[in-house]
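The values are calculated or read from the model by the stated rules, or taken from the named source; none is laboratory data. Bear in mind the structure is a predicted one, so any value in this text is a computation, not a measurement. Cβ sites come from the backbone with ideal geometry, for glycine too, and all protein chains shown count toward neighbours. Calculation scope for accessible area: heavy atoms of the full protein, side chains included, ligands and nucleic acids excluded. Shrake-Rupley method; radii C 1.70, N 1.55, O 1.52, S 1.80 Å.
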Amino acid sequence: MAFSSGQDLQYLESLDSVRMPWPGPTGLSDSERQRRDDLELQIFVEVLMTLALGRDVVVPQSYAFDSTGFLTLARTVLQARNRAAIDEHPFRLHLFSADSFEDAAASMLGRAFDKNRPFFSSLLPELHKPEQFGLDPRDVRWQSENLDRLLNSDWIGVDRAQALNDIRAEFRGLPRVRAKSPAAPLGLGELLASTIEEGSLMGRTAQSLPEPFREVHADLVTAIRRLDPTRSRAFNERSRLRIAEPWPNDSDRRTPEEIVGSKDTLDLVIEFVDTLYNAIVADSIGIAPATFSTDVALGDRILISRAIAQELAIGQYRSGAHQAAWLPNEGVSTGESEEHPLFEVRLNSQAVATESHIRDQLSNLRDSAVDAIAALLDARAQRGGQGRARSPFWKGLDKLAAAEDATAARNALDDHLSCVASILGGRGDAGLVGKFGVQVFLTGSGAAGPAIAAALWQVPGILEFPATAIGAVAPAVAKKGVQSIRRWQGTRRRAHALGRIVDVRGYQP
C-alpha cells in the first residue's frame, strides 16, 4: 500500500521550545519581533500542511508545556476549532516517563531548582533567576511545586496561564502517544561525545562529502571539543548554549560563544545540537515522520551552513541508530535549496512599504492561516459513519491509501490536493511540485500589496521512495502543479528555512 494509514502523525521541529522564548516584561526589539513573526508563520503553515495531509501534530510533553510557539498556535487554533469543528482534535500529546500532561509538567517544574539537572524554561524564565524579574525566589519555588498554584500566581500573567489551561483541557481524556524504545539508545551527551571521537563513523563519512560539508563538520568537531560534552553538566540542558553565562565547569568562566570563538560557529553548534535532540524525541515517538527545519533567516549563505549542520546531525543520529554509513543530502551545498526552501515568506517587492505596512501584511497572512486551518478542520471533522457522509477530503485520502502503484498514488495525491485547494478557497492553494513535492501556501493582502507564506515538503511514505534519499533540499523540481515561481514574480523573500522530512526509524540505504 502506498500510503500507510498508521502514520497519521507528524512531528514538527519548528515547535521546539528554545526557538521562541517568552519575551518577558521588557518586550521585543524590532529584529526580535520580526523573527517572532516569521517563526509564528512557519508554525502555522507547517501545521496547515500536516492537517492537509490528513495527519495530526504530535507534540512532545516538553513542548506542550514550555513552547511559546506551540502554545500561541494551539490557543488560536483551538479557538477557531471551537467555532468550526468542536469534535476535531488536531494535536496529540507524546508522553515520556509520565502518565499525563500534569505529571509531565510537575516533573519539569520539579527540576527548576535542581542544580545538577536543571530545567531551563523558555516559557517561564522567571524560574531561572526570579530576582531579575523582581520576584522572591522562595515564593516562586513554592508556587512552582504545584501546577494550579503556578497558574494562579500573579507573575505568570493571563496569557501564559490561559494558554496552559487551554492545552491541559484539550489533552485531558484524549489518547496519548506513548514513548517507544529508541532505535538508538543514546543520550544527547553520548551522541555529541561520539561526534568528536577520532575515526568516528560520521567523521569518516564526512570526508567523502563535498567541501562545504567537510568544512562545517570540521568546525563542529572543533567547537564541540572545546565545549567538551564529557564535562560534568555540560549538555544537561541545551538551553545553556543560548544563555550568555559561564559554561559549566569552565575554569575561565567563559560563555559558550567565547569558548567556540564566534557567534556564527555557536549558531552551527546550536543547529547541530537541536537537530540531535529532536531526532532523539522523534525516535522515542517511533511512529511519526519528522519535519526537521533550520532556524528561520534571510541570508542564503548562513542558512546553507546551518542546513549542512542539520544534515550532519541527522546523519550522526542515524549512524548511531543503524551502525551504517549514511550520506546526508548533498543538494544543500549546491545552492539548489535556495530555489525551493522548506518554508518561506515573500512580500511585494515593488511597493514602498513601511514597517507598519509589512506588519499588516504578516497579520493578514496569519489571519489567512487561522481561517484556512478552521476550514480544514471542518472538512476533517466529516469522517463519515453512523449515517453521516464522509467528506471529499477523507475520500481523497482513502483513494490514496488504496493506490497500488506510484502512478495511482500520485494521481490520487494530486486529486486530494485539488480538494485541499478548494477548501482553502481564496486564502491559499495546494498542489504537487515536481516528482515528490507537496506545497501549500497562504496569501494575504494589504496596503503594501500581496504577501505569501509557503511550505514545500518532500514527504516520505506517500509515493514510496526512501525516506533518507530525498529531503526538502532535493534537486530542482519540475514546474508542475503549483507553479510557485510564476505566481511569485514581483515578490521578494523576507525569510526562509531549509530542512527535510525524515522517518527516523525508516529505510536505511
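Points to keep in mind about this one:
Per-residue answers, yes or no, for (1) without any contact (Cβ under 8 Å) to a residue 12 or more places away in the chain; (2) of a type in the set (S, T, N, Q); (3) surrounded by fewer than 24 Cβ atoms within 10 Å (Cβ to Cβ):
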residue	(1), (2), (3)
TYR11	no, no, no
SER14	no, yes, no
VAL18	no, no, yes
GLY24	no, no, yes
GLY27	yes, no, yes
SER31	yes, yes, yes
ARG36	no, no, yes
LEU39	no, no, yes
VAL45	no, no, no
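- Selection within the stretch 239-260 - open to solvent by 60 Å² or more (accessible area, probe 1.4 Å) and touching a residue at least 24 places away in the same chain (Cβ under 8 Å): ARG242
- Single residue of the stretch 189-202 satisfying the filter (open to solvent by 10 Å² or more (accessible area, probe 1.4 Å) and in a helix (DSSP H, G or I)) that is nearest to ASP274 (Cα to Cα): GLY189
- Subset of the stretch 437-468 that is over 26 Å from GLY490 (Cβ atoms) and surrounded by fewer than 20 Cβ atoms within 10 Å (Cβ to Cβ) - its residue that is modelled with the highest pLDDT: GLY461
- Against the list (1) open to solvent by 10 Å² or more (accessible area, probe 1.4 Å); (2) assigned to a helix (DSSP H, G or I), the condition ALA98 fails is (2).
- When the stretch 164-182 is limited to residues that are open to solvent by less than 40 Å² (accessible area, probe 1.4 Å) and outside any loop (DSSP other than H, G, I, E, B), the one that is modelled with the lowest pLDDT turns out to be VAL177.
- Residues within the stretch 148-195 that are touching a residue at least 24 places away in the same chain (Cβ under 8 Å) and more than 26 Å from the chain's Cα centre (by Cα), tallied: 2
- Checking each residue in the stretch 369-391 for being part of a strand (DSSP E or B), in contact with a Ser or Thr (Cβ under 9 Å, 6 or more places away or on another chain) and open to solvent by 40 Å² or more (accessible area, probe 1.4 Å) picks out only ARG383.
- Test: residue in the stretch 203-216 that is among the polar types (S, T, N, Q), open to solvent by less than 20 Å² (accessible area, probe 1.4 Å) and farther than 21 Å from SER293 by Cα: yes
- A residue that is surrounded by 22 or more Cβ atoms within 10 Å (Cβ to Cβ), of a type in the set (Lys, Arg) and assigned to a helix (DSSP H, G or I) can be found somewhere in the stretch 73-85.
- Close pairs from the stretch 393-412: first under 25 Å from GLY425 (Cβ atoms) and in a helix (DSSP H, G or I), partner of a type in the set (Val, Ile, Thr) and modelled with pLDDT of 85 or more, Cβ under 8 Å, at least 6 apart: PHE393/VAL420; PHE393/ILE423
- From the options LEU417, LEU432, LEU397, residue that is in contact with a strand residue (DSSP E or B) (Cβ under 6 Å, 6 or more places away or on another chain) and of a type outside the set (Gly, Ala, Ser): LEU417
- The one condition from (1) of a type outside the set (Gly, Ala, Ser); (2) surrounded by fewer than 19 Cβ atoms within 10 Å (Cβ to Cβ); (3) in contact (Cβ under 8 Å) with a residue 40 or more places away in the chain; (4) under 23 Å from GLY69 (Cα atoms) that LEU123 does not meet is (2).
- All positions within the stretch 219-238 that are open to solvent by 50 Å² or more (accessible area, probe 1.4 Å) and either assigned to a helix (DSSP H, G or I) or within 19 Å of ILE308 (Cβ to Cβ) (or both): ASP219, THR222, ARG225, ARG226
- ARG318 charged (D, E, K, R), part of a helix (DSSP H, G or I) and open to solvent by 10 Å² or more (accessible area, probe 1.4 Å): no
- Residue within the stretch 276-292 that is open to solvent by 10 Å² or more (accessible area, probe 1.4 Å) and among the hydroxyl-bearing types (Ser, Thr, Tyr) present: yes
- Among the residues of the stretch 141-162, those that are closer than 17 Å to MET108 by Cα and open to solvent by less than 40 Å² (accessible area, probe 1.4 Å) comprise GLN143, SER144, LEU147, LEU150, LEU151, ILE156, ARG160, ALA161.
- Number of residues in the stretch 142-160 that are out of contact with any Ser or Thr (no Cβ under 7 Å at 6 or more places or on another chain) and farther than 15 Å from LEU123 by Cα: the value is 7.
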